[in-house]
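A short write-up of the structure that comes next.
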Amino acid sequence: MQVINTVKELLATATKIKAEGKTVGMVPTMGALHEGHLSLIRRARKENDAVFVSIFVNPVQFNNPDDLRKYPRTLERDLELIGEDADYVFAPSVEEVFPVQPSEVYDFGPVEKVMEGAARPGHFNGVGVIVRRLLEWVRPDKAYFGEKDYQQIAVIREMVRQCNIQSEIVPCPIVREPNGLAMSSRNRRLTPHEFETAANIHRILEESRQLPDVPQIQAFVEERIAAIPEFRLEYFTIADDSTLQTVQSLQDAAGVMGFITVYVGEVRLIDNIRYK
Ligand code: PAF
């Protein structure tokens with residue numbers, strides 16, 4: 001595996017690989033890799049001739065400076081974990097990616113305005129800014145993203161459509177800890193007690209699948225989350241899996257999912273579950 005730090009070298013490498021007629025898979029990350037990321041990288045390895053991983057803590061997608069400051073940065077360990085599962089790791093500085101402060105303003109429509117988009121103003125614009133650059137530089141045939149960030153995938157699909165990017169966006173299933181907690185780089189900020197308590201998020205969502213319809217599910221999840229003193233619910237939204245707009249009944253859409261954001265102590269965790 002080769003580490004690339006400059007955009008110039010990234011462009012030259014991607015152009016050479018393409019000229020050799022190889023298929024290219026890409027896994028954009030912000031580092032602090034865990035088994036969830038590694039599952040994306042291994043899938044990219046299986047489905048493509050060449051694999052690029054990017055490791056870049058993108059400042060323009062953080063609406064909270066404290067969150068950006070505390071985001072774990074573990075490049076050496078990340079490179080060891082990737083090993084030979086990727087051919088190239090793009091790990092640039094902020095100045096390399098943004099020689100000037102980016103000024104693009106996107107409108108990704110209704111999928112962007114709800115849930116994480118409403119809770120974190122500017123977040124998805126910042127995701128669009130970086131993912132567009134990465135996909136335009138590498139021009140992968142396929143780019144892989146985890147379904148824990150389900151709304152992010154919807155926004156990236158819309159960005160790719162609006163910007164005529166030819167890469168296929170490949171959603172990949174959530175990878176969970178043995179206790180059920182969705183894997184996340186933020187989990188390492190939980191105390192051991194919080195880590196165990198956080199497993200209740202998935203447990204409660206799983207139990208809610210037994211309920212007959214939206215009002216009962218909504219009430220059950222809100223009550224059960226409120227009963228755990230370490231939790232503070234930011235939102236629990238039951239929505240159409242393609243438009244991401246709220247539904248009143250499971251009959252309102254072909255696919256329906258629940259999306260949750262919970263603070264466990266000081267750590268903000270997201271998860272989701274499919275109802276149909
Ligand atoms: O999901 C992430 O880690 C980030 O939002 C992404 C897609 C790498 C863009 O910075």
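Where a number appears in this text, it was derived from the coordinates with a stated rule and is not lab data. Fair warning: this is a prediction, and the values are worked out from it, not measured in the lab. Counting neighbours? That spans all protein chains shown, and the Cβs are built from the backbone with ideal geometry, glycine included.
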*Residue separation times 0.36 nm, minus the C-alpha to C-alpha distance between Arg188 and Glu223: what's the value?*
9.9 nm
_Based on alpha-carbon centroids, what's the gap between the range 76-120 and the range 130-205 in Å, whole number please?_
12
_Viscosity 0.692 mPa s, temperature 37 °C: give me the Stokes-Einstein translational D for the range 121-276 in µm²/s, with Rh taken as the Kirkwood radius over C-alpha pairs._
195
*Cα centroid distance between the range 1-40 and the range 225-273, in Å?*
33
*Taking amide H positions as placed in the peptide plane 1.01 Å from N, state which residues far from Ala32 in sequence (5 or more) or on other chains have amide H under 5 Å from it.*
Thr74
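Please list the helices of the chain that count as membrane-span-like by this rule: a mean Kyte-Doolittle hydropathy of at least -0.5 together with Cα atoms stretching 15 Å or more along the helix axis, each helix being a complete DSSP H run. Walk me through the numbers before you get to the answer.
Values: long enough: 7-19 (18 Å, 0.39); 35-47 (18 Å, -1.15); 123-138 (23 Å, 0.68); 150-162 (19 Å, -0.25); 192-208 (25 Å, -0.72); 214-226 (18 Å, 0.28).
Those that pass (Cα extent of 15 Å or more, hydropathy at least -0.5) are 7-19, 123-138, 150-162, 214-226.
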_Extension reserve of the Asp107-Lys276 stretch, reckoned as 0.36 nm per residue once the Cα distance is removed_ = 58.0 nm
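Note down the magnitude of the dipole of the chain about its Cα centre, charges +1 on Lys and Arg C-beta and -1 on Asp and Glu C-beta and zero elsewhere, to the nearest 20 debye. If you can, show how the numbers build up before the last one.
Values: 32 positive and 40 negative charges, 76 e Å.
Taking the Cα centre of the chain as origin, the dipole is about 360 debye.
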*What does the charge count near Glu194 come to, summing +1 for each Lys or Arg and -1 for each Asp or Glu among other residues with Cβ under 13 Å from its Cβ?*
+1
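If each DSSP helix of 4+ residues adds -39,500 (n - 2.57) and the sum is divided by the residues in the chain, what number results at 222 nm, nearest 500 deg cm²/dmol?
Details: 11 runs with 112 residues, N = 276.
After summing the helix terms and dividing by residue count, I get -12000 deg cm²/dmol.
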*Relative contact order of the chain, pairs being alpha-carbon contacts under 8 Å that are 6 or more residues apart, as %*: 17
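Given the peptides 98-105, 227-234, 180-187, arrange them by the average over their residues of other C-beta atoms within 10 Å, most packed first. Before the final figure, lay out each step's value.
Values: 98-105: 10.1, 227-234: 14.2, 180-187: 19.6.
Packing order, densest peptide first, comes out as 180-187, 227-234, 98-105.
List the pairs from Lys8/Lys46; Lys22/Lys276; Lys113/Lys276 whose alpha-carbon separation is above 32 Å, in the order I gave them. Spell out each step's value before the answer.
Details: Lys8/Lys46 27 Å; Lys22/Lys276 38 Å; Lys113/Lys276 23 Å.
Result: Lys22/Lys276 exceed 32 Å.
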*How long are the semi-axes of the ellipsoid equivalent to the chain, from square roots of 5 times the Cα gyration tensor eigenvalues, in whole Å, largest first?*
33, 21, 18
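Report the local net charge at Phe98: Lys and Arg +1, Asp and Glu -1, summed over other residues whose C-beta lies under 13 Å from its C-beta. Display every interim value, and only then the final one.
Values: positive: Arg132, Arg133; negative: Glu95, Glu96, Glu104.
Result for the local shell: -1.
Any idea what the relative contact order of the range 78-181 is, in percent, if you count C-alpha pairs under 8 Å spaced at least 6 apart? Walk me through the numbers on the way to the answer.
Working: 75 pairs, mean separation 24.9, N = 104.
Once normalised by length, the contact order is 24 percent.
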_Sequence-separation-based contact order of the range 25-92, relative, with Cα cut under 8 Å and 6+ spacing, percent_ = 44
*Could you name the aspartates and glutamates in cross-link range of Lys70, using Cα to Cα under 18 Å and dropping any fewer than eight places away on the same chain?*
Asp78, Glu194, Glu266
